[in-house]
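**Student:** Below are the structure tokens for one structure; questions will follow.
Bear in mind that the values in this text are calculations on the coordinates, not laboratory data. Here the structure is a predicted model, which means the values were calculated and not measured. Virtual Cβ from ideal backbone geometry, glycine too; neighbours counted across all protein chains shown.
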Amino acid sequence: MKRLFIVISVFVVLGLLLAACAPAATPAPEQPKAEQPKAEEPKAEEPKAEEPMAEPTTVTVWFHSGKGEEREVLDAQVEAFNAANADIQIDAVRLPEGSYNDQVNAAALAGDLPCLLDFDGPFLYNYAWSGYLTPIDEYVSDDLKADFLPSIIAQGTYGGRLYSLGTFDSGLAIWGNKAYLDKAGVRIPTSIDDAWDKEEFMDALAKLQALDEVEYAIDMKMNYGQGEWYTYGFAPIMQSFGGDLIDRSDYQSADGVLNGPEAVAGMEFFQSLFEDGYANASPAGDDDFYIKKTSALAWVGHWMWGPHSENLGDDLVLIPMPKLGDKAVTGMGSWNWGLTSTCENPDAAWAFLEYLVSPEEILHMTNANGAVPARKSAIAQSDLFGEGGPLNVFVQQLEGGVAVPRPVTPAYPVITASYAAAVQNIVTGADVQSELDKAVEEIDLDIEDNQGYPLPE
Amino acid sequence: MAFPSVSFLVPTMTTVTSAAGGRNAQRRSEVLMAWLFSVPALLLLFIFLITPFVMAIVLAFTDQRLVPNPNLPTRFVGLRNFVRLAGDETFHRSVLNNFYFVLVVVPIQTSFALFLAVLVNQKIRAANFFRTIYFSPVVITMVVVSVIWFFLYNPGEGLINKFIEAASFGLIGPQNWLNDPKLAFPAIMFLSIWQGVGFQMVIYLAGLQEIPSSLYEAAEMDGATRLQQFWYVTLPQLRNTTIFVVLATTILAFKLFTQVWVMQGPSGHPLGTTSTTMVYAVNRGFKMGKVGYASAIAVIFFVIVLIVSLGQRIFLKEERAVD
């Protein structure tokens with residue numbers, strides 16, 4: 001009897017296992033059920049539908065869950081698009097920004113990328129190089145292309161083909177507290193033509209630092225931590241002095257460029273801002289400039305427009321990047337959308353992307369996040385960025401050659417990680433030359449390991 | 001014959017008659033049972049532990065990228081990764097940091113846990129209250145702990161600096177805890193001990209309650225003082241517990257990652273003084289996409305932890321007989 005009991009219990013266990021496994025296969029039919037009412041609607045309009053109405057094409061979309069305003073706009077856009085297009089349904093997934101690149105990497109490794117996703121600027125190239133993305137040249141007409149800011153097209157182009165489009169570009173400049181600047185008697189430049197030079201910049205820092213209200217003359221946003229901000233925000237300082245992250249003639253080596261005398265001079269200048277007490281290497285929070293008002297200037301991008309304008313009101317001024325070396329340099333590039341090569345319905349995915357980059361939707365987004373609209377026709381309609389608008393400096397910088405793109409190479413993830421580590425150590429007081437030498441060594445080794453990142457085909 | 005289906009399912013029921021044969025068959029079916037019941041666990045272990053482990057060893061000899069490129073397939077590179085590791089100063093630094101962390105944290109955390117366990121083992125009214133208090137940091141996720149301590153350690157407005165300043169009547173000024181190369185790693189150690197000590201305390205508490213009270217009664221009869229009782233009764237009785245606690249703490253300490261990653265970033269700010277082997281491996285593997293190199297780091301790390309654990313076991317020789 002005992003053995004009988006054992007055998008029966010085995011079958012019971014196996015049965016339970018089967019029962020437990022079974023539901024995994026069943027949810028599939030459930031989903032269309034939920035969408036059926038939508039599919040039936042058009043049927044009523046076309047009574048003579050011979051074939052059953054095709055189920056709506058589902059397009060999976062991933063995007064980084066950025067600031068609240070950005071997220072809300074994108075959610076609204078997805079909803080509006082779904083409502084307007086019965087045959088295409090966007091299935092959008094938000095991923096936290098902090099680990100966004102890691103999650104996309106993991107998905108690529110697992111062959112599980114969605115149809116359409118956004119990339120943080122130059123991280124795109126590694127995916128394009130590895131063949132995970134489809135060029136979108138065929139979808140983008142010449143007229144459409146010409147309406148985009150040249151920086152957006154440059155950012156999306158790798159190996160001569162267009163892989164991505166962004167709905168906005170970024171702007172990096174210096175935000176100032178007008179009350180403090182006036183009190184200290186500092187001239188406020190208003191266009192890229194009368195930007196500060198290094199001497200005037202240092203003079204401004206010294207005068208502002210002397211004010212009683214000011215603890216640190218400039219907030220360099222070190223609270224963002226070691227990451228993309230360090231490259232985006234501080235490489236321009238080095239580039240203004242004449243250095244760069246990599247030799248852009250062939251993208252094969254950083255030697256002599258990232259550790260050359262110009263780059264070293266730039267980073268030593270950067271280091272001196274902290275050593276001389278003008279900038280705080282470890283701020284307690286994000287708000288030294290706009291709420292506590294213990295900093296007179298903030299070295300940060302367009303994304304702070306909301307909090308800055310809300311809290312400073314008429315005291316907020318936007319100052320173009322200073323000419324620290326021979327020329328003024330600032331960062332550019334932002335999140336941009338690319339189509340994956342595993343996408344089963346690229347046409348449907350493009351329809352959604354086309355909707356996102358329409359001038360109205362671009363403005364919808366940029367009015368919320370303060371970014372530079374990606375299309376000239378949208379900029380013309382913008383109160384913020386148009387001629388005389390409070391953020392027009394960003395447009396001037398992007399169109400006037402002040403903005404320099406980050407290196408267009410699949411080696412970018414290694415370049416930025418190595419450079420950010422060097423920046424972190426330099427701020428702490430390490431020797432600039434040896435830190436930059438170390439970064440160069442890492443970057444060159446990576447390029448060598450990848451056989452120089454040969455172009456596909 | 002009334003239930004043919006049953007006899008079909010269980011042919012042994014009718015065929016096996018001798019007692020010896022029955023016992024044999026029974027043993028065989030029990031073995032079968034044992035395997036059947038372990039299948040789900042073994043399957044999960046195989047998928048989530050054994051496969052990644054074997055893959056790490058294989059990948060350590062390749063130049064595997066995080067995002068594979070079909071045009072540039074992964075190559076077998078022999079010992080290249082290990083040769084590079086031999087000359088990689090950041091890696092050496094990270095491994096040494098690990099040992100530094102273990103050598104400081106394990107003795108302090110273990111003895112502090114025992115101290116707390118003895119305290120909360122007293123028959124006082126609020127004992128349960130204190131047990132909960134000391135244990136509560138263990139329940140909080142390390143990421144949350146790290147973020148909170150990041151603010152506590154802030155040089156300008158952190159609570160810790162304010163407290164030290166007040167307690168020393170302003171003699172000791174604010175310290176730049178997380179940015180000073182001399183202070184950053186000790187600061188991480190301190191918060192790690194604070195977070196982890198409750199776990200070891202609970203294990204010690206269980207050990208303490210296992211000690212029969214008759215031993216203490218006998219010791220008291222012999223005129224032993226409280227300190228002697230602790231030294232000659234409690235400690236020897238806790239021998240196995242201590243071995244387990246030391247071993248577990250050592251392995252956990254070697255795995256130091258979250259605190260550093262959240263508070264000090266991928267390169268172990270400041271100047272690499274807080275970088276650990278795990279942080280370095282994740283930095284290389286996920287930030288820079290060098291999975292092959294990161295796997296080589298993981299393999300070396302595994303060997304180090306294995307040697308340390310084996311060494312401890314041989315050195316401490318756990319007593320197997322329980323009674």
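**Student:** Could you work out how far apart the two model spin labels at B:A167 and B:I314 are, taking each label as a point 7 Å from the Cα in the direction of the beta carbon, and quote it in nm?
**Tutor:** Going from the B:A167 label point to the B:I314 one covers 4.3 nm.
**Student:** Can you tell me the orientation of helix A:68-84 relative to chain A, as the angle in degrees between its alpha-carbon axis and the longest Cα principal axis, to the nearest 10?
**Tutor:** Once rounded, one gets 40 degrees.
**Student:** Sticking with this one: Using only the alpha-carbon atoms of region B:17-59 as identical scatterers, what base-10 log of I(q)/I(0) does the Debye formula give at q = 0.15, 0.16, 0.24, 0.30 Å⁻¹?
**Tutor:** Summing over Cα pairs of region B:17-59 leads to -0.55, -0.57, -0.78, -0.91.
**Student:** On a 27 Å Cα-Cα criterion, which of the cross-link pairs A:K293/A:K438; A:K323/B:K287; A:K221/A:K376; A:K198/A:K293; A:K207/A:K323; A:K207/B:K182 come out too long?
**Tutor:** The answer is A:K293/A:K438; A:K323/B:K287; A:K221/A:K376; A:K207/B:K182.
**Student:** Now a separate question. Can you pull out the GluC sites (Glu not before Pro) in region A:354-415 that DSSP calls coil and that have at most 14 other Cβ atoms within 10 Å?
**Tutor:** A:E387
**Student:** In chain B, once you exclude exposed trypsin sites (Lys or Arg not before Pro) (DSSP loop, at most 15 other Cβ within 10 angstrom), what's the longest stretch remaining?
**Tutor:** B:1-74
**Student:** How far is helix A:100-109 tilted, in degrees, relative to the longest principal axis of the Cα atoms in chain A, given as a value from 0 to 90 rounded to the nearest 10?
**Tutor:** 40
**Student:** Another one. Within chain B, which complete DSSP H helices have Cα atoms spanning at least 24 Å along the helix axis and a mean Kyte-Doolittle hydropathy of 0.0 or higher?
**Tutor:** Membrane-span-like by this criterion, though nothing is claimed about a membrane: B:19-45, B:89-120, B:184-210, B:291-316.
**Student:** Full-extension gain between B:V58 and B:S214, please, as 0.36 nm times their residue separation minus the C-alpha to C-alpha distance.
**Tutor:** Using 0.36 nm per residue and subtracting the Cα-Cα distance, I get 50.6 nm.
**Student:** Once every Cα of the protein assembly as shown carries one equal point scatterer and solvent is ignored, give the base-10 log of I(q)/I(0) from the Debye formula at q = 0.08, 0.10, 0.11 Å⁻¹, two decimals.
**Tutor:** The Debye formula, applied to the Cα set alone, gives -0.86, -1.18, -1.32.
**Student:** How far apart, in nm, are the 7 Å Cα→Cβ label points at B:I304 and B:R28?
**Tutor:** 5.2
**Student:** Determine, from the Cβ-Cβ distance of A:D347 and B:I140 and an R0 of 60 Å, the FRET efficiency 1/(1 + (r/R0)^6), rounded to the nearest 0.05.
**Tutor:** E(calc), rounded to 0.05, equals 0.75.
**Student:** Which percentage, to the nearest 5, of the DSSP beta bridges contained in the protein assembly as shown is antiparallel?
**Tutor:** About 60 percent, rounded to the nearest 5.
**Student:** Here is a follow-up. Need the C-alpha centroid separation for region A:340-404 versus region A:97-146, integer Å.
**Tutor:** Going from one Cα centre to the other spans 18 Å.
**Student:** Please compute the length gained on full extension between B:F76 and B:D180, using 0.36 nm multiplied by the number of residues separating them and subtracting their Cα-Cα distance.
**Tutor:** 33.3 nm
**Student:** At 7 Å along Cα-to-Cβ for each site, give me the label-to-label distance between A:E213 and A:A154 in nm.
**Tutor:** 3.8
**Student:** Further, regarding this structure: Please work out whether chain A counts as rounded, prolate or oblate from its C-alpha gyration tensor, where a ≥ b ≥ c are the square roots of the eigenvalues and a/c under 1.5 means rounded, while otherwise a/b larger than b/c means prolate and anything else oblate?
**Tutor:** Note, shape of chain A comes out prolate.
**Student:** Taking amide hydrogens as modeled 1.01 Å from N in the peptide plane, which residues meet the under 5 Å criterion relative to A:D169, leaving out close sequence neighbours?
**Tutor:** Hits under the 5 Å cutoff: A:V372, A:A374.
**Student:** Can you give me the long-range amide H partners of A:T330? Hydrogens built in the peptide plane at 1.01 Å from N, cutoff under 5 Å, separation of 5 or more residues or another chain.
**Tutor:** Under 5 Å from the amide H of A:T330: A:A403, A:V404.
**Student:** Mind checking region A:166-237 for trypsin sites (Lys or Arg not before Pro) that DSSP puts in a loop (not H, G, I, E or B) and that have at most 14 other Cβ atoms within 10 Å?
**Tutor:** Listed in order of number, the matching sites are A:R187.
**Student:** Counting only residues 5 or more places away or on other chains, whose amide H sits under 5 Å from the amide H of A:T157 once H atoms are built in the peptide plane?
**Tutor:** A:Y163
**Student:** Summing -39500 (n - 2.57) over the DSSP H runs of n ≥ 4 in chain A and dividing by its residue number, what mean residue ellipticity at 222 nm do you reach, to the nearest 500 deg cm²/dmol?
**Tutor:** Theoretical 222 nm ellipticity from helices: -14500 deg cm²/dmol.
**Student:** Still on this structure, I have one more. With a cap of 15 neighbouring Cβ atoms within 10 Å, and only residues DSSP puts in a loop, list the trypsin sites (Lys or Arg not before Pro) found in region A:324-408.
**Tutor:** A:K327
**Student:** Given a Förster distance of 60 Å, report the FRET efficiency between B:R239 and A:S272 from their Cβ-Cβ distance, rounded to the nearest 0.05.
**Tutor:** Between B:R239 and A:S272 the formula returns 0.55.
**Student:** With a ≥ b ≥ c the root eigenvalues of the C-alpha gyration tensor of region B:83-316, is it rounded (a/c under 1.5), prolate (a/b larger than b/c) or oblate?
**Tutor:** oblate
**Student:** How far is helix A:2-25 tilted off the main Cα axis of chain A, in degrees rounded to 10, range 0 to 90?
**Tutor:** 60
**Student:** Moving to a separate point now. Of B:F254, B:F76, how do they rank once you tally other Cβ atoms within 10 Å and put the fewest first?
**Tutor:** With the fewest neighbours first, B:F254, B:F76 line up as B:F76, B:F254.
**Student:** What order do you get for A:D244, A:D169, A:D276 when you list them from fewest to most C-beta neighbours inside 10 Å?
**Tutor:** With the sparsest Cβ surroundings first, the list reads A:D276, A:D244, A:D169.
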